[in-house]
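Below you'll find the structure, written out as structure tokens, and then a few comments.
What follows draws every value from the coordinates through simple rules; no lab data is involved. Source: prediction; values computed, not measured. Glycine also receives a Cβ, built like all others from the backbone with ideal geometry; neighbour counts cover every protein chain displayed.
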Amino acid sequence: MSEFLREMLISHDSNETRVALLEDRQLVELYIERPKRSVVGNVYVGKVKDVLPGMQAAFVDIGLEKNAFLYVDEVISPEGVEDLPRRDIQTLLHPGQQIMVQVLKDPMGTKGARVTTEITLPGRFLVLMPFSEFVGVSRKIEEAERDRLHTTISQHVPAGLGVIVRTVAVGVSERDLLSDLDFLLRLWKRVNHQSREGVAPEVIYTELDLALRLVRDVFSDDFKRMIIDDKGTYEKVLSFLKKTSPHLARRVQPYRDKLPLFDVYQLQASIDAALRRVVHLSSGGHITIDKTEALTAIDVNTGKFVGRKNLEETIFKTNMEAADEVVRQLRLRDIGGIIVIDFIDMEESGHRAELLAQLNSALERDRTKTRVSEISRLGLVEMTRKNVTDGLYGVLTEPCPCCTGEGRTLSSATRRITVERRMREILRQGKSAAYLFGVHEETYELLMVPGHNLVATLRAETGKQVAITPDSDCAPTEVRVLIEGKGGAVKQRG
């Protein structure tokens, strides 16, 4: 059993489904699904659109807005090709070819989905791998139980197929394991048949919705309870567990109170904090998270925490607390790719070893695959984390219309000067005698400051009638000509 009190909360309404994972009442993971669902796990009959020898990859049309991306390492080799010293994408695929692929990673930004031809079909206890003959058991399971599970499954897997036994299979009876296997074999038979009969692009297998997917993949004996606030979702989850894990069905509880479920657990503050750059630590220190295209940089600072003893001890305690919080934020925000953590430098090698052990211990609770380097002399830890979603940032935010995601906007002086320059350009090129300009409301206030009579200045410079008015539809540096005409056609207000 887990050392933490683990709970799963599922909240569903017409707009979205939210699933929260809690450890000791603290939010550690949050999943959100809206009408535009994730396509990860879906299987498609696709058509190869282009083969790129220079990148050793191909673009595949699977019916989404952007073509999917397929690396050569994700392509199953035909018989004999795997024996060649080098696998070239052009020997495996050609434009117009129809192939079966599965989505590994959702489309993100300008990138299409990542796909593979190595199909995997997950069940409650097992994962079927139709193009592998490997039978494996989760390394998180103790040796004696691993041997039992491996023996049981190996005896019943048809030749040419592979199976991975999941961690939740611990203690599961042979009957339940074989029932799961039978379900997956029947599912594969149907998917394989549809792949031969289908015409690209076509989806031939759709992954479960968010609630059932997390119940299948995450909910286990480690959880004390699951609480669901929607009747339909509750009945669906209960039916699923009664078929797959009857003993866990008793831990599912309906929520019927009027106060929203997430409000009862006071989760909104944690969700809001997960969108901020700075995360405060209880000791008074803080961590700063900056995400770029190449990597995510996390900086640890002591902040207001000065400690009661020496500086080394203060730094050590801040780093140890930060290690736990960094992992929680990685899980909560679902940050992936290259991650560099700048811990505060410590003199004692023993402290550095304890910090790395603390970080790795916290990462053991993360289901996502990670790799961690040693702490450098500068206190840096490099790690990688494999995520498959845009994370909370991608779901809950969009680029700022003013700064287009840069995080900074033009200064007040720059905006004022830019707008004045554009007005002068319009007046210089225009042939009309009078102009009414519309500008952003805040920019209007900058232009109309006492002692800076822009309207009179423009009139004197050009000999034309000029008026300026606030326009809520304008961007901060945009100038719109609302009226142009003969002299006297416009008048400055105020």
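Annotations for the structure displayed:
- Counting only alpha carbon atoms, the long axis of helix 143-154 and the longest principal axis of the chain meet at about 80°.
- As a ratio to 2.2 N^0.38 Å, the alpha-carbon radius of gyration for segment 121-205 is 1.17.
- For segment 1-52, GluC sites (Glu not before Pro) are listed when DSSP marks them as loop and at most 13 other Cβ atoms sit within 10 Å of their Cβ; the list is 3, 16.
- In segment 100-205, the GluC sites (Glu not before Pro) that fall in loop regions by DSSP, at most 12 other Cβ within 10 Å: 133, 142
- Of the GluC sites (Glu not before Pro) found in segment 271-375, those in coil by DSSP whose Cβ has at most 11 other Cβ atoms within 10 Å are 293, 347, 364, 374.
- Overall, segment 43-116 carries a charge dipole of about 260 debye about its Cα centre when +1 sits on the Cβ of Lys and Arg and -1 on the Cβ of Asp and Glu, all other atoms neutral.
- Between helix 349-363 and the chain: long-axis angle, C-alpha atoms, 0 to 90°, nearest 10: 80
- The angle between the Cα long axis of helix 412-429 and the longest principal axis of the Cα atoms of the chain comes to about 60 degrees, rounded to the nearest 10.
- Charge dipole (the chain, unit charges on Cβ, about Cα centre) - positive-most of 482, 195, 113: 482
- From the C-alpha gyration tensor of the chain, square roots of 5λ in Å: 52, 33, 25
- Rounded D (µm²/s) - segment 204-275, Kirkwood Rh over Cα pairs, Stokes-Einstein at 4 °C, 1.567 mPa s: 95
- For residue 52 and residue 406, the difference between the fully extended length at 0.36 nm per residue and the C-alpha to C-alpha distance is 124.2 nm.
- Taking all Cα pairs closer than 8 Å and separated by 6 or more residues, the relative contact order of segment 412-485 comes to 48 percent.
- Convex hull per residue volume in Å³, alpha carbons only, for segment 212-334: 161
- Comparing Cα centroids, segment 191-243 and segment 396-464 end up 55 angstrom apart.
- Calculated diffusion of segment 1-116, Stokes-Einstein form, Kirkwood radius summed over Cα pairs, 10 °C and 1.306 mPa s, µm²/s: 94
- Reach of residue 140 by Cα under 28 Å, taken over lysines that are not fewer than 8 positions away in the same chain: 105, 224, 242, 243, 369, 386
- Placing +1 on each Lys and Arg Cβ and -1 on each Asp and Glu Cβ, with no other charges, gives the chain a dipole about its Cα centre of roughly 1520 debye.
- The three principal axes of the C-alpha atoms in segment 412-485 carry coordinate ranges of 29, 27, 16 Å, sorted with the longest axis first.
- Dipole magnitude of segment 346-494, debye to nearest 20 (Cβ charges: Lys/Arg +1, Asp/Glu -1, about Cα centre): 800
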